[in-house]
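Q: My questions all concern the structure below.
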Amino acid sequence: MTDDITSSWPAGVARHVLNRVDSTNAEALRLAPSLSGPAWIMARRQQAGRGRRGRAWADPPGNFAATLILRPESGPADAARLSFVAALAVHEALSRLCGPQLNLSLKWPNDVLLNGGKLSGILLESAGSGARLSALAIGIGINLEAAPDAAAVEAGALRPVSLKGETGVTLTADEVLDALAPAFDRWSRQMRDYGFAPIRAAWLARAARLGEPITARSGTTVTTGRFEGIDDSGALVLTTARGRQAISAADIHFGGG
């Protein structure tokens, strides 16, 4: 399925396709000082992919592993909101490639779900500190061909799924990148021009379990409440027995416990 968004590579954005790397995020951050502008770094094979909190990210052949490296125009807070832009871009790209019947949803803070299982993860890493970041790496992994064994994920985590396993559809990484890069460019321009509000509204329109009980776990802190949405900073908002709470970082488990 092709249209103007999926067929037009964004102007001024470089594209590097590598056969094998340790991690596309690590490679992107290594390349950042020599780049003149934003660039997508995609790898056919990623040998040491990373997820949130240092977890390993399995990357068998045929899956998608790529990182957009850029120099943020604003500070760390706005840079962090780009995870929502990335999730919307993945949702849009796959919907346009596979059709609107694809049962996708978004899980806070950085996962894309298919049929309720985890299809894609997003990891932001940065270089620099303080009010200005010298580089931001937005890593995206998508289980196109295969998903990790459910026994290999943490207890309580969503089951991993693949696009092919759930739908029978086969996409190449190149096809996904061709659709993803323009989609990310469009959503990021919208945030640049209009702020976070339209991104927040679009993300919530696709959010999994909105209005339902969920549990947020951060270290030894466990908070259960009704998922009300996200605030202007991107923090999770729950209504709990102690009132409304905003949570900036946590692992989310569906259900009330």
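The values are calculated or read from the model by the stated rules, or taken from the named source; none is laboratory data. From a predicted model like this one, the values you see are computed outputs, not experimental measurements. When we count neighbours, we look across all protein chains shown, and the Cβ atoms used for this are built from the backbone with ideal geometry, even at glycine. Note: areas computed on protein heavy atoms with side chains; ligands, DNA, RNA excluded. Shrake-Rupley method; radii C 1.70, N 1.55, O 1.52, S 1.80 Å.
Q: What does the highest-first list of 28-38, 140-150 look like by mean Cβ count within 10 Å?
A: 140-150, 28-38
Q: Of the listed peptides 39-46, 20-27, 210-217, what is their order by residue-averaged count of other C-beta atoms within 10 Å, with the highest listed first?
A: 39-46, 20-27, 210-217
Q: Could you derive backbone 3J(HN,Hα) for the stretch 213-223 from the dihedral phi with the Karplus parameters 6.51, -1.76 and 1.60 (θ = phi - 60°), listing whole Hz in sequence and x where the residue is Gly or Pro?
A: x, 9, 10, 9, 10, 9, x, 8, 8, 10, 10
Q: Using the reciprocal of the averaged 1/r over all distinct C-alpha pairs, how large is the Kirkwood radius of the stretch 155-257 in Å?
A: This gives a value of 16.1 Å.
Q: Quick one: putting +1 on the C-beta of Lys and Arg, -1 on the C-beta of Asp and Glu, what dipole do you get for the chain around its Cα centre, in Debye to the nearest 20?
A: About 540 debye.
Q: Let me ask something else about it. Filter the DSSP H helices in the chain by two things, a Kyte-Doolittle mean of at least 0.5 and an axial alpha-carbon span of 27 angstrom or more, and list the hits by number.
A: Counting only whole DSSP H runs, the qualifying helices are 76-98.
Q: Given the alpha-carbon gyration tensor of the chain, what are the semi-axes of its equivalent ellipsoid in whole angstrom, ordered largest first, with each equal to the square root of 5 times an eigenvalue?
A: For the chain, the ellipsoid semi-axes come out as 27, 22, 18 Å.
Q: Let me ask something else about it. Expressed as a rounded percentage, what relative contact order does the chain have, with Cα pairs under 8 Å and six or more residues apart?
A: Across the chain, relative contact order equals 18 percent.
Q: Turning to a different aspect of this structure: Using a Gaussian network model on the chain with a 10 Å cutoff between Cα atoms, which of ARG71, ARG209, ARG189 fluctuates the most?
A: Of ARG71, ARG209, ARG189, the most mobile in the Gaussian network model is ARG189.
Q: Then there's this: Direction-averaged shadow area of the convex hull around the Cα atoms of the stretch 199-244, nm²?
A: 3.5 nm²
Q: Show me, bin by bin at 5 Å from 0, the whole-percent P(r) of the stretch 89-230 based on Cα pairs.
A: 2, 8, 15, 20, 20, 17, 12, 5, 1, 0
Q: Report, in deg cm²/dmol and to the nearest 500, the calculated mean residue ellipticity at 222 nm for the chain, where each DSSP H run with n ≥ 4 adds -39500 (n - 2.57) and the sum is divided by the residue count.
A: Helices in the chain give a 222 nm mean residue ellipticity of -8500 deg cm²/dmol.
Q: While we're here: Could you tell me the center-to-center distance, by alpha carbons, between the stretch 126-198 and the stretch 206-230 in angstrom?
A: 21 Å
Q: Then there's this: Using the heavy atoms of the protein chains and a 1.4 angstrom probe, tell me the accessible area per residue for the stretch 80-181 in square angstrom.
A: With all protein chains present, the stretch 80-181 gives 36 Å² per residue.
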